[in-house]
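The values are calculated or read from the model by the stated rules, or taken from the named source; none is laboratory data. From a predicted model like this one, the values you see are computed outputs, not experimental measurements. Cβ: placed from backbone, ideal geometry, glycine included. Neighbour counts: every protein chain shown. All accessible areas refer to the heavy atoms of the entire protein, side chains included, with ligands and DNA or RNA removed. Shrake-Rupley method; radii C 1.70, N 1.55, O 1.52, S 1.80 Å.
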Amino acid sequence: MWTVLFLVVSNVFMTIAWYGHLKHHKTTPLAATILASWGIAFVEYCFKVPANRWGSDYYRFSTVQLKTIQEILSLVIFACFSAWYLGERLRWNHAVAFLLLVVAVWFAFKKWD
């Protein structure tokens, strides 16, 4: 599904733009970091905007469903990025939080009569 694929790509770029600089933030000037992040965020928007439009138009996701998909992908990608790139350890409470988010996804996509 193109919507999910494009949201994955956009979230990878978003995570890099927002958090990638933290590994070397003491050696890079803030202004240069901001400009680089804007450039990366531009690529993110080039994927996120079509993903949301296609998700709404072709796949008939509601805006709540689109946002829920985006948030789950964002957290999964961020968790992988923070463990792999930033070297931060994921803990049991993070797993519980993610599990609760899965429950939130179920509520967002459940058809209530």
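Ranked from largest, the principal axis spans of the Cα set of region 39-79 equal 29, 22, 11 Å. Each distinct pair of alpha carbons in the chain adds a 1/r term; the inverse of their mean, the Kirkwood radius, is 15.4 Å.
Here the relative contact order of the chain, from alpha carbon pairs under 8 Å that lie six or more residues apart, stands at 33 percent. Taken as Cα centroids, region 12-30 and region 36-75 sit 21 Å apart, rounded to the nearest whole angstrom.
Given R₀ = 41 Å, what would the calculated FRET efficiency be for residue 62 paired with residue 89, taking r from the Cβ atoms and rounding to 0.05? Approximately 0.70, to the nearest 0.05. Leaving out same-chain residues fewer than 8 places away, which lysines sit with a Cα under 18 Å from that of residue 48? Correct list for residue 48: 67. Rolling a 1.4 Å probe over the protein heavy atoms gives the chain an accessible area of 71 Å² per residue.
Enter the mean projected area of the convex hull around the alpha-carbon atoms of region 56-113, in nm², rounded to one decimal. Walk me through the numbers before you get to the answer.
Numbers: hull surface 19.8 nm².
Reported value for the Cα convex hull: 4.9 nm².
Can you work out the PRE-style zone for residue 4? Point 7 Å along Cα to Cβ, and I want the residues of region 81-100 with backbone N under 13 Å. Output list for this probe position: empty.
Dividing the helix sum by the residues of the chain, where each DSSP H run of 4 or more adds -39500 (n - 2.57), gives a mean residue ellipticity at 222 nm of -26500 deg cm²/dmol. With each label modelled as a point 7 angstrom along the Cα→C-beta vector, the residue 111-residue 18 pair spans 3.3 nm.
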